[in-house]
Every structure is written in structure tokens, then in C-alpha cells.
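Undergrad: Sharing a structure with you now.
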Amino acid sequence: MNFEKVVFGFFIVLALTLNFGFFVGDIDNPAHHDAMELGAALAVSLIATVIKFGDRSQMGAVLLATSLVADLQLLVAAFVWAYAAYATDAGVTTEVLASIVSLSGGAVLANLVSVTLLVAETITIRR
Amino acid sequence: MNDIVWLTMRRMRTPLIALILVYSLSVFGMVLIPGQDEAGNAVRVNYLDASYFVAILSTTIGFGEMPVTFTHAQRLYAFIILFPNVIAWLYSIGTIISLFVDPQFRTVLHVSRFRRRVRRMNQPYFIVCGFGNTGRMIAQGLLNRGISAAVLEREPRIVQGMALDEEFAHLPALEGDVTDRRLLELAGLQAGLPNCVGVMAITNDDHANLTIAITSKLIRPDLPVLARAETQRVADNMASFGTDLTVDPYSIFAERFYLALRSPTKYLVQDWLISVPGTRLRTELDPPDGHWVLAGLGRFGLRMARIFDKAGVDYTVIDVHPDRVEQRAGSILGRGTEAHTLSEASIENAAGIIAGTGDDMDNLSIVMTALELNPRLFVVARQENPHNDELFNASGAHLVARRSLIVARRILAVATTPLLPVFLDHLLSQNESFAHTVEKRLEAILDGRSPGLWTVELTGEWATSLHDADREKVRIRMEHLTCNARTESLEHLPCVCLVLERGSQRLFLPGAKQELHEGDRLLFAGRGSAQREMLFALREPTALISVAAGRHYPRGAIMRAVARRRAS
């Protein structure tokens, strides 16, 4: 058993599932999108990125790139949420929520690519 | 580039002077002739309008009179200047056009384009002198292996044909005297072209090849020169000043034929390694002992005769030249294409025949007549023209000596896999048992198809695995490189390591436990899939270490740190 694969697979899939959980629901309904879930998705995604540091293989480089994209999307989403909630009078309006959720949707896509690559690599290696 | 500008300027001098004179005089005159405006006041045309009008007039565009309608005096003047201006223009344009079709100018243009394309070459390339059938085959082979070529060729027709050929259109090619030092310098002998890795002198003219070899050895002694030499004298001459390889196709064929006669296993192994990868493997070739008939005692026949003498084979010569026949007792005068000459050489009782005249049709005729007289003959035929491939294949000959193919194969093998000749020499110097071992090992991994050959140089990025292994105190051995790193059971890749070169030391057929070091050069023969897997594993940072250590090495930095802590 490859311990590194277990750890990385766990974090990358967890990032996807948390992210997806946050993303599903009506795009502008606050009851369907929980701030905690977004925070958790961001944290897990960051960990998945850091695990890939120092990997010089081809696949490692591509996986690092996709998880960096997911991090970026989630960071912007979190920043928009914080800014709207604390720095504007209107608070988190439906428009702001819609843009946050669509950003996390992009991150879901990046996570999906990571998982697909992981699966593809696992299939080619028969050890 | 400078040549083009200079040549254009020199040719355009007279027409341009004529044009400027006629044009400026016409403009001055136009300004001097008085005109009238609508109100009837006398006005002169200004310089801008005059220049504009004359320009439009002389280029025969003619927008009309301007800025106002002309007086009769002006019209008369325009009428006079019209013809000299138009003629001056046509003269200039005519000169430019004739310049473009001028052979001298086109040569300058071609040279400058060739120089530019050679300068821009960003991959290793060979200078290929002579682009006949051999050159074509060699260029194909080089391109398949990611090496390019700069072509020099004497025949303009061939160079023009290259531009239309999709396969070779992107290669820099120049027509001209291939022995000209300046052309060779342009193609890469001069300093500052580091991608040039060697010179191939493969024209069908021995003397030209000799000149090319001498020139490049004088200008750039460090560049390898691979040359074709069809006479022993030229070959010896070339070797005397350090030509790295001289290829005499008929000697090569004759030597291989000797192997086939005396050591079939060596012949077979050699044949497998030098044939085009993926072609069907030749099975045992067994030229029979007994009486042979040798038709044609030219360059080819002479070499075959020497081989027969060396091997102690009994043979009868047929040749049309009386002087050649006189030199050898028992020889028969004739072409060999007629049944009675062949019968005279007792073809009915012969074991084999060699159709070795310089004429393809004669050779085919000899083969057919001989087979009619004695269908059990072993037939060797010499083929000069590559267009007759199909005919010779259909003729029933067991072995065909194809000159350009022999040269192309040998030169390509040396140019792209330098370790192969080293191995083949070793094979020849060893006894039969070594050849048998090689045969057994190759047979075990090949699927009835001839193997691909590849060289692995453990330097630079190819040695990163070795560096990492050193740090981890893991030894990487041959068996790790030749196993499939992507399988659980570590199945053996279908390949054999033929040579390991470490500095001046050479190991032939190194064993599985042989340790690998940085700087080693390895020659492998095997299937294409093995090459792909091996190169993949070498570039994958942890693949080889994981195989060698028998456990998985993490790829990420954090997981590596965790693994190290758990280990300590």
C-alpha cells in the first residue's frame, strides 16, 4: 500500500466533496450555502496543495497546478464573503451570494480535474 | 543578405539614374509652363502638384489633369514627356523582373535562405552531402530519430524536388558544388553552429566524397565524418587522415556473405540488429557449400571472389571482359545471360550463383535463366537501381545486394547508435558461443520482429534518479532499469542491454546485478514498448528508487519528511 497515495487521495477527494456540498442548492438562497462549509473546503484544499510540494514528476506538477486553481477560486470566494459581510452596509445580498457560489463552482471543476488525474495515474500504475 | 542588396543596387544603377533624370526634368518643365485657373488668371503648377501629376502620368495610372484643367501649352508638354517617362519606368521594372529570374541572383537568394535556415537550426543535425537514394534513406532515418539534416546536392532537379516533398521541405537544402569549401562552411563547418554534429559524404562520386572528408577534417577536426568509398584506394586514403567511418557497400555485403557462409549465427544476430526496426526477422539463411558460379567480375564480383577464396569455396567466373577472364584459369567468356554460357560453367551441378554484373536487367536475366536450368540454386543478385526493388523481389533471389540500402543502414547505425558498431565488432571477434547467447536472449524477447535500438546516457536529467538513489543509499542495478516500474510483479521489459560503456571501459551483455553509475552509456535492443517504459521510469523521479529499494518513495516533500521520521 502506498501511504502517500492514501493521504493525498483523502485530502483531494475531501476537498471535492466539501466544495460540492457548499456549491449545491439554489444559487442565491442563503439557507443552502453555509459559510463553515466554504471555510472547511478552503482549508482542506490548501492542505492538498501543500502535500504536492516538492514533487518533481510530470503528474505531480499538473496536480499542483489544478489544486492551486481550486485554492485561488475558493480564496476569492471567501474574501468576497468576508468583504460583503463586514465592510459593506448591505451585507451578503443575493447578488454577492450568487457570485460566491459561482466561484466555488469553478473550484469544484478544478477539484474534479485533480481527482480525474489521480484516478488516471492510479490506473496506469499496476503496483 | 548583403549580397542580395549589393547585387540589386549594382543592377539597378542605370535604370534608376535614367528614371530620376527623366522624372525630375519633367517635373521642372511642368512647373515652368504657365497655366490658367477658371477665372482666366495665369497660374503656375506648384512642385507638389507637378510631382504628383508626373508620377501618375509615368506609371500610366492617369487620374486626369490637375489641379485645374490644362491649357493647350501644358497639354502639349504632357504629351511630350509622356513617352520618355513611361519608357523609363518600364525599363526599371523590366530590370527588376529580369533580376529576379537571373540565375546569379537566384543563387544568391538560395544561399542566403540556406544560411538563415542553418543558423535557425535548433536541434542536432548532420551535413548530408549528396541527396540521391542513399541520402534520402538516411535523411528519413535521421528525422525518425529526431535528428535533422542540412543537405548539399549537385543536381538542381533534386533540390527543387525536395521543396515539393512534404517530408523534406523543411530541411535546409542547397544546390551547388558539394566539394566547395564555402558551401560546407555555410552548412555548418564554420564556428558558431554548435548543433552541427557531423558530416556525411555520400555522393556517388568517390573523389567528391574524398574531397569533402579532407575539407571537413581540415576545418573542423573534431566533427565526425562518415563517408562512402567504393574503392579500396579511396577508403584507405580516407582512413589515413582520420575519417571516422568509410563505407564500402560491396565490401560490407561480401563480409556479411562470408559470415553467412562460415558463421550463420553471427550473421543472423548482425542482421537482426541492423535491419529496420519492426520488420520480420530473417530466419536461418543457409548458403550451401559446393560449386558456385560468379557472373560479373567488377567491383562487386571481385570482392565476392575474394570471400570465396578466403572461405575456400570452389567457383567459376563468367565475365564479358577478355582480360579479366584471362587472368583466372578456368573462367568463361560471356555475359551469363545466355543458357549456354551458364551450362559451360556447369550450372546444373552448382550450389549457387551470384549475378553480379553492373546492369540490373542483365542480373535479372542471369537469375531467371539460371533458375530455369537449376531450380535448387541459391541465388545472390546485385541491384544497382532502387526502382527495381519489386523486380528483384519477384526474381526469386535469396539475397539481394542493394548498394544504397547497405550504405544508408551502416551510416545511420553509426550516426544514431554509435555503440552498435562497437558491439558488432565485438560479436565478430568472439567465438560462436557468444553469438549463440546473444541470439537466445534476443529471441526470448522479440516477437518475430526486428528490435529497436536505443542508447541511454546517464547524464543530466537522465541521471537524477541515480543522484537521489545515492542520497538514499540505494544502489540502482541493471535489473531495476530493465523491469517495468509500473507493475506490481516488476515484470521484465522485453529488451537486452548489449553494451555498457563507462569511460574507456566496455562491458558486453552486462548482467542483471551490474550497478549503474552516472555517465554510463548503455545500448539496448528490444521492443518499442520497452523503450517507452524505460525512458518513462528514468524521468519519473521516484520510480527507479522505489523499484530498487522495494518500497514506495513518497514524491511530495512533506510525505518524504514524514517517511524519514518514521524510518529513524
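Undergrad: Step by step: first the residues of region B:519-546, then only those that are surrounded by fewer than 17 Cβ atoms within 10 Å (Cβ to Cβ) and in contact with a helix residue (DSSP H, G or I) (Cβ under 9 Å, 6 or more places away or on another chain), then the one that is farthest from the other protein chains (Cβ to nearest Cβ). Which residue is that?
TA: Among those that are surrounded by fewer than 17 Cβ atoms within 10 Å (Cβ to Cβ) and in contact with a helix residue (DSSP H, G or I) (Cβ under 9 Å, 6 or more places away or on another chain), it is B:Gly519.
Undergrad: Further, regarding this structure: From the list B:Val86, B:Val43, B:Val68, which one is aliphatic (A, V, I, L, M) and assigned to a helix (DSSP H, G or I)?
TA: Only one candidate qualifies: B:Val86.
Undergrad: Go through B:Arg75, B:Arg44 for me and flag whichever is charged (D, E, K, R), touching a residue at least 12 places away in the same chain (Cβ under 8 Å) and surrounded by fewer than 16 Cβ atoms within 10 Å (Cβ to Cβ).
TA: Matching residue, one of B:Arg75, B:Arg44: B:Arg44.
Undergrad: Any residue at all in region B:242-261 that is more than 24 Å from B:Ile406 (Cβ to Cβ) and hydrophobic (A, V, I, L, M, F, W, C)?
TA: No, because not a single residue in region B:242-261 is more than 24 Å from B:Ile406 (Cβ to Cβ) and hydrophobic (A, V, I, L, M, F, W, C).
Undergrad: Within 14 Å of chain A (Cβ to nearest Cβ), over 22 Å from B:Val438 (Cβ atoms) and buried (at least 21 other Cβ atoms within 10 Å of the Cβ): is that true of B:Ile476 in this structure?
TA: So B:Ile476 fails the test.
Undergrad: Filtering region B:373-391 down to residues that are touching a residue at least 60 places away in the same chain (Cβ under 8 Å) and farther than 12 Å from B:Trp292 by Cα, which residue is surrounded by the fewest Cβ atoms within 10 Å (Cβ to Cβ)? Before you say what the answer is, go through the steps one by one.
TA: From region B:373-391, those touching a residue at least 60 places away in the same chain (Cβ under 8 Å) are B:378, B:380, B:382, B:386; that's our starting set.
Filter again for farther than 12 Å from B:Trp292 by Cα, leaving B:382, B:386.
Working: B:Arg382: 30, B:Pro386: 16.
Ranking the candidates gives B:Pro386 first.
Undergrad: Look through B:Leu481, B:Leu516, B:Leu509 and report the one residue that is at positive phi and away from chain A (no Cβ under 14 Å).
TA: Sole residue among the options that is at positive phi and away from chain A (no Cβ under 14 Å): B:Leu509.
Yes/no matrix, rows are residues, columns are (1) without any contact (Cβ under 8 Å) to a residue 24 or more places away in the chain; (2) within 24 Å of B:Trp6 (Cβ to Cβ); (3) acidic (Asp, Glu):
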residue	(1), (2), (3)
B:Arg157	yes, no, no
B:Asp165	yes, no, yes
B:Gly176	no, yes, no
B:Asp180	yes, yes, yes
B:Val199	no, no, no
B:Thr203	no, no, no
B:His207	no, no, no
B:Ile212	no, no, no
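Undergrad: Would you check which residues across region A:31-89 are within 14 Å of chain B (Cβ to nearest Cβ), farther than 17 Å from A:Gly106 by Cβ, in a helix (DSSP H, G or I) and without any contact (Cβ under 8 Å) to a residue 40 or more places away in the chain and list them?
TA: A:Ile47, A:Val50, A:Gln58, A:Gly60, A:Ala61, A:Leu64, listed by residue number.
Undergrad: Return the residues of region B:229-239 that are among the small types (Gly, Ala, Ser) and farther than 14 Å from B:Ser216 by Cα; say none if nothing qualifies. Please lay out each step first, then the result.
TA: Initial filter on region B:229-239 (among the small types (Gly, Ala, Ser)): B:229, B:235, B:239.
Matches in region B:229-239: B:Ala229, B:Ala235.
Undergrad: Consider region B:263-287. How many of its residues are closer than 17 Å to B:Gly526 by Cβ, β-branched (Val, Ile, Thr) and buried (at least 16 other Cβ atoms within 10 Å of the Cβ)?
TA: 2
Undergrad: Show the residue pairs meeting these rules: Cβ distance below 8 Å; 6+ apart or different chains; first residue within region B:449-470 and under 13 Å from B:Ala537 (Cβ atoms); second residue part of a strand (DSSP E or B).
TA: Taking only residues 6 or more apart or on different chains, the pairs are B:Val456/B:Arg521; B:Val456/B:Leu522; B:Val456/B:Phe524; B:Leu458/B:Arg521; B:Leu458/B:Leu522; B:Trp462/B:Val456.
Undergrad: Being free of Cβ contacts under 8 Å to residues at least 60 places away in the same chain, small (Gly, Ala, Ser) and buried (at least 20 other Cβ atoms within 10 Å of the Cβ) is the filter here, so list the residues in region B:120-147 that pass it.
TA: Going through region B:120-147, the residues free of Cβ contacts under 8 Å to residues at least 60 places away in the same chain turn out to be B:120, B:131, B:136, B:139-140, B:143-144, B:146.
Now restrict to residues that are small (Gly, Ala, Ser): B:139, B:146.
Correct list: B:Ala139 only.
Undergrad: So which of B:Ala39, B:Ala55, B:Ala50 ends up being loosely packed, with under 12 Cβ neighbours inside 10 Å and either farther than 26 Å from B:Leu90 by Cα or touching a Phe, Trp or Tyr at 6+ places or on another chain (Cβ under 9 Å) (or both)? Break it down stepwise before answering.
TA: Details: B:Ala55 fails: loosely packed, with under 12 Cβ neighbours inside 10 Å; B:Ala50 fails: loosely packed, with under 12 Cβ neighbours inside 10 Å.
None of the other options fit; the residue is B:Ala39.
Undergrad: Something else now. Can you name the residue in region B:424-455 that is surrounded by 13 or more Cβ atoms within 10 Å (Cβ to Cβ) and basic (Lys, Arg) and is also nearest to B:Leu498 (Cα to Cα) among such residues?
TA: Ranking the qualifying residues of region B:424-455, first place goes to B:Arg441.
Undergrad: Quick check on my filter: what residues within region B:547-560 are at the interface with chain A (Cβ under 9 Å from one of its Cβ atoms) and surrounded by fewer than 16 Cβ atoms within 10 Å (Cβ to Cβ)?
TA: Selection gives B:Ala557 alone.
Undergrad: Determine which member of the set B:Leu152, B:Leu184 is closer than 17 Å to B:Val118 by Cα, under 13 Å from the mean Cα position of the chain (by Cα), touching a residue at least 24 places away in the same chain (Cβ under 8 Å) and buried (at least 22 other Cβ atoms within 10 Å of the Cβ).
TA: Numbers: B:Leu184 fails: under 13 Å from the mean Cα position of the chain (by Cα).
Among B:Leu152, B:Leu184, only B:Leu152 is closer than 17 Å to B:Val118 by Cα, under 13 Å from the mean Cα position of the chain (by Cα), touching a residue at least 24 places away in the same chain (Cβ under 8 Å) and buried (at least 22 other Cβ atoms within 10 Å of the Cβ).
Undergrad: Sort out which residues of region B:111-166 are outside any loop (DSSP other than H, G, I, E, B), under 20 Å from B:Arg220 (Cβ atoms) and among the polar types (S, T, N, Q), and write them in order of number.
TA: Of everything in region B:111-166, just one residue is outside any loop (DSSP other than H, G, I, E, B), under 20 Å from B:Arg220 (Cβ atoms) and among the polar types (S, T, N, Q), namely B:Ser148.
Undergrad: For A:Ile100, which of the numbered conditions (1) crowded, with 22+ Cβ neighbours inside 10 Å; (2) within 14 Å of chain B (Cβ to nearest Cβ); (3) aliphatic (A, V, I, L, M) fails to hold?
TA: So A:Ile100 meets the others, but not (2).
Undergrad: Sticking with this one: Taking the condition within 14 Å of another protein chain (Cβ to nearest Cβ) and within 15 Å of the chain's Cα centre (by Cα), does A:Leu14 pass?
TA: no
Undergrad: Within region B:288-295, does at least one residue satisfy the condition of being surrounded by fewer than 21 Cβ atoms within 10 Å (Cβ to Cβ) and modelled with pLDDT under 85?
TA: yes
Undergrad: From the list B:Val54, B:Val128, exactly one residue is assigned by TED's automatic domain parsing to the domain that holds B:Asp205 and either of a type in the set (Ser, Thr, Tyr) or at pLDDT 90 or above (or both). Which is it? Please lay out each step first, then the result.
TA: On the way: B:Val54 fails: assigned by TED's automatic domain parsing to the domain that holds B:Asp205.
Just a single option satisfies the conditions, and that option is B:Val128.
Undergrad: Continuing with this model, one more query. Select from region A:103-126 the residues that are in contact (Cβ under 8 Å) with a residue 24 or more places away in the chain and not polar (S, T, N, Q) and list them in ascending order.
TA: Matches in region A:103-126: A:Leu103, A:Gly105, A:Gly106, A:Ala107, A:Val108, A:Ala110, A:Leu112, A:Val113, A:Val115, A:Leu117, A:Leu118, A:Glu121.
The values are calculated or read from the model by the stated rules, or taken from the named source; none is laboratory data. Bear in mind that the values here come from a model prediction, so they are computed numbers and not experimental data. Every residue, glycine as well, gets a Cβ built from its backbone with ideal geometry; the counts of neighbours run over all protein chains shown.
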